[in-house]
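Heads up: the structure comes next, in structure tokens.
Any read-out appearing in this document is the output of simple, stated calculations on the displayed coordinates, not a laboratory observation. What you see is a predicted model, and the numbers here were worked out from it, not measured in a lab. Cβ sites come from the backbone with ideal geometry, for glycine too, and all protein chains shown count toward neighbours.
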Amino acid sequence: MVSIGNFFFKHRNWIFILFYGALFIPSWPLFSSANFGNNYFIWPIAIGLLVTILGQLIRGLTIGLAYIVRGGKEGKPYAEGLVTEGIFRHCRNPLYVGNILMLLGVGILANSLVYVAIVIPVFLFIYQAIVLAEENFLRGKFGSGFDEYCKKVNRWFPNIKGLGQTLNSMEFKWKRWILKEHTTQFIWLCGIVLILLLNYPQLSGYDKNHRNLLLGIFLGVLVVVYAIVRYLKKSGKMKE
């Protein structure tokens, strides 16, 4: 599994994009008018948004409280230090948990049985392999310190005990959250807008011209905001 994880780690950014694109694969619905009535679309929208926003919230808190400088060198796992503060006190992989919830949420939002029943399990397998590869690296670098951390903190399921104390004892660095997360936020929000307006004609009154107008407005606003943040980051006018 470690070797498999190293492979997927090397290509992890492309994998996430591919899984996001899989949202638009034709599928049987999770919710249909036959089982939930004419207002069936309320269910995937409400549940999907709740789950995906929860995932983004976990990512945001993780990055804003104690960002972990863990990326890769030469396509392999790398870490400057063992971070155990912030949300990492409650879960060893909160960013990955956030990603999983984000994709699961948009899969529900897309009302896609194929995505939830097939694509998400494949995504979980890939993430499990990546985490095992990362843990193999961290154990080799930090030894008993990492083992002790693993004994106290779950790999996947967050322990909310003491979460309030964690949040109150640390400063949330919103600028870091914006600078580190703006691309992810942009892709995520664009996906939500596309799913809502393309999959649910009810929201635009079954009027394609109205739908296209809304698409243009929302996507246009997102592009402008993204461009502004990108400029502020590149120019150095916004720093952590």
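At-a-glance table
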| quantity | calculated |
| --- | --- |
| Given charges at beta-carbon only (K, R positive; D, E negative), |dipole| of the range 106-162 in Debye | 160 debye |
| Simple spin-label estimate for ILE160 and SER3 in nanometres, 7 Å along Cα-Cβ | 4.2 nm |
| Three-way shape label, the range 2-171, alpha-carbon gyration tensor, a/c 1.5 | oblate |
| Separation between Cα centres of the range 1-63 and the range 166-231, rounded to whole Å | 16 Å |
| Long-range lysine pairs (8 or more apart or interchain), the range 61-163, Cα under 20 Å | 6 |
| Within the chain: Cβ-based charge dipole about Cα centre, in debye rounded to nearest 20 (Lys, Arg +1; Asp, Glu -1) | 620 debye |
| Sparse-neighbourhood loop sites, chymotrypsin sites (Phe, Trp or Tyr not before Pro) in the range 152-240 - DSSP loop, at most 10 other Cβ within 10 angstrom | TYR206 |
| Shape of the range 1-80, Cα gyration tensor, a/c cut at 1.5 | oblate |
| From phi via Karplus (6.51, -1.76, 1.60), per-residue ³J(HN,Hα) for the range 142-158 in Hz, x at Gly/Pro | 10, x, 5, x, 6, 4, 5, 4, 5, 5, 8, 10, 5, 5, 10, 8, x |
| MRE, 222 nm, helices only [DSSP H, n ≥ 4, -39500 (n - 2.57), over the chain, to nearest 500] | -21500 deg cm²/dmol |
